[in-house]
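Engineer: Questions regarding the structure given below will be posed in turn.
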Amino acid sequence: MRELPNPTFDLSPTSLPRGLLHRPSPTSQPVQGLAASPTKDRALVVTWARHLDQVRQVQRLRYKVFAEEMGARLSSAVPGHDIDLFDNFCEHLMVCDQVTDEVVGTYRLLTPAQAKRAGGMYSDQEFDLTRLRSLREHMVELGRSCVHPDYRHGGVIMALWGALAEFMVRNKLDTMIGCASIPMLHNGVTSGDAAASIWQQVKQTHMAGIEYHVRARLPLPVEQFDTSLVVEPPALIKGYLRLGAKVLGAPAWDPDFNTADLPMLMRINDLPTRYRKHFLGH
């Protein structure tokens with residue numbers, strides 16, 4: 001198995017192989033507290049990709065969810081894989097089924113040093129992030145979150161979040177940013193009404209301070225849609241909001257994924273007490 005390129009993260013010498021940004025032992029942690037599901041008896045572990053073949057597994061899962069399930073238009077040099085130019089710069093977090101050796105959940109993280117090396121973040125392509133300049137030194141970008149359809153119960157996403165929080169604290173990072181997607185398909189119809197209505201809801205209750213507002217490069221034309229629908233945000237967005245995340249501005253439209261993307265920011269210090277205890281132990 002070929003090792004991935006060395007990371008340039010400031011706290012890890014570049015002579016060390018990828019993976020040493022993370023806790024050296026154990027390399028994986030069991031997922032605790034799984035809800036009843038078809039996979040409830042499976043042994044699931046959360047770990048970090050250290051080899052190219054592991055990243056390929058992650059990219060195959062992403063393709064299955066984004067292209068085959070959600071209908072995203074993905075161009076890739078490797079058929080059946082979701083690959084973009086940021087993957088080689090990111091750390092890839094995985095939840096694996098030990099029985100099948102299959103990756104069933106994933107996130108990718110772009111650290112501040114790697115973002116500099118990549119020339120920016122994925123979010124920079126969708127939003128003007130000028131007002132976040134003061135945060136970038138300790139800001140990680142989260143992206144490409146997905147879970148296999150057979151494993152969509154609370155244990156998998158909580159395991160991913162727990163590993164993310166531990167990574168952030170151990171590496172002295174305090175801010176997470178990312179694009180949280182709202183499908184444009186609602187009740188079987190392709191429309192921006194649901195996304196516009198969700199935006200109307202969250203901007204009343206979860207907006208960040210104006211000093212952190214960002215502007216979409218390709219805005220969703222929310223004024224053209226019905227913003228009065230009573231519709232719940234996707235589960236992942238609801239989870240972020242419960243964790244204390246803030247919305248940074250109106251959604252962008254991603255034509256390839258056919259989603260409305262909300263820019264969201266979450267800071268470790270804003271975690272509610274019960275989640276701090278759950279993820280960080282204090």
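Engineer: If you take the residues in region 112-158 that are closer than 18 Å to Lys238 by Cβ and among the hydrophobic types (A, V, I, L, M, F, W, C), which one is modelled with the highest pLDDT?
Structural biologist: Leu142
Engineer: For region 82-109, give me each residue that is among the aliphatic types (A, V, I, L, M) and either closer than 20 Å to Arg136 by Cα or part of a loop (DSSP other than H, G, I, E, B) (or both).
Structural biologist: Quick first cut of region 82-109, residues among the aliphatic types (A, V, I, L, M) only: 83, 85, 93-95, 99, 103-104, 109.
Listed by number, the residues that qualify are Ile83, Leu85, Val99, Leu109.
Engineer: How about region 241-261: which of its residues are part of a loop (DSSP other than H, G, I, E, B) and within 16 Å of Met207 (Cα to Cα)?
Structural biologist: Here is the first cut: in region 241-261, the residues part of a loop (DSSP other than H, G, I, E, B) are 243-245, 248-251, 255-258.
Across region 241-261, the qualifying residues are Leu243, Gly244, Ala245, Leu248, Gly249, Ala250, Pro251.
Engineer: I'd like the residue in region 137-148 that is without any contact (Cβ under 8 Å) to a residue 60 or more places away in the chain and either surrounded by 17 or more Cβ atoms within 10 Å (Cβ to Cβ) or not charged (D, E, K, R) (or both) and, out of all such residues, is nearest to Leu173 (Cα to Cα).
Structural biologist: Looking at the filtered set, the residue picked out is His138.
Engineer: Of Val169, Val156, which residue is of a type outside the set (Lys, Arg), in a helix (DSSP H, G or I) and out of contact with any strand residue (DSSP E or B) (no Cβ under 9 Å at 6 or more places or on another chain)?
Structural biologist: Every option except Val169 fails the conditions.
Engineer: Let me ask another. Would you pick out the residues in region 262-282 that are at pLDDT 90 or above and part of a loop (DSSP other than H, G, I, E, B)?
Structural biologist: Residues satisfying the conditions are Leu271, Pro272.
Engineer: Also, I was wondering about something else. Mind counting the residues in region 223-252 that are more than 15 Å from the chain's Cα centre (by Cα), modelled with pLDDT of 95 or more and either of a type in the set (A, V, I, L, M, F, W, C) or loosely packed, with under 15 Cβ neighbours inside 10 Å (or both)?
Structural biologist: 3
Engineer: Next question, about the same structure. Select from region 58-100 the residues that are surrounded by fewer than 20 Cβ atoms within 10 Å (Cβ to Cβ) and polar (S, T, N, Q) and write down the one among them that is nearest to the chain's Cα centre (by Cα).
Structural biologist: Asn88
Engineer: Okay, next question. Specify which of the listed residues (Ser197, Ser181) is in contact with a Ser or Thr (Cβ under 6 Å, 6 or more places away or on another chain) and under 18 Å from Val230 (Cβ atoms). Even if it seems obvious, please write down each step before you answer.
Structural biologist: On the way: Ser181 fails: under 18 Å from Val230 (Cβ atoms).
Being in contact with a Ser or Thr (Cβ under 6 Å, 6 or more places away or on another chain) and under 18 Å from Val230 (Cβ atoms) holds for just one of Ser197, Ser181, which is Ser197.
Engineer: Examine region 113-125 for a residue that is within 14 Å of the chain's Cα centre (by Cα) and farther than 26 Å from Ala252 by Cα, and state whether such a residue exists.
Structural biologist: No - not one qualifying residue is present in region 113-125.
Engineer: Only one of these conditions is not met by Asp193: (1) crowded, with 16+ Cβ neighbours inside 10 Å; (2) modelled with pLDDT of 95 or more; (3) over 17 Å from the mean Cα position of the chain (by Cα); (4) among the charged types (D, E, K, R). Which number is it?
Structural biologist: Status for Asp193: all satisfied but (2).
The values are calculated or read from the model by the stated rules, or taken from the named source; none is laboratory data. Remember, it's a predicted structure, so these values are computed and weren't measured experimentally. So basically every Cβ, Gly included, is an ideal-geometry build from the backbone, and we count neighbours across all protein chains shown.
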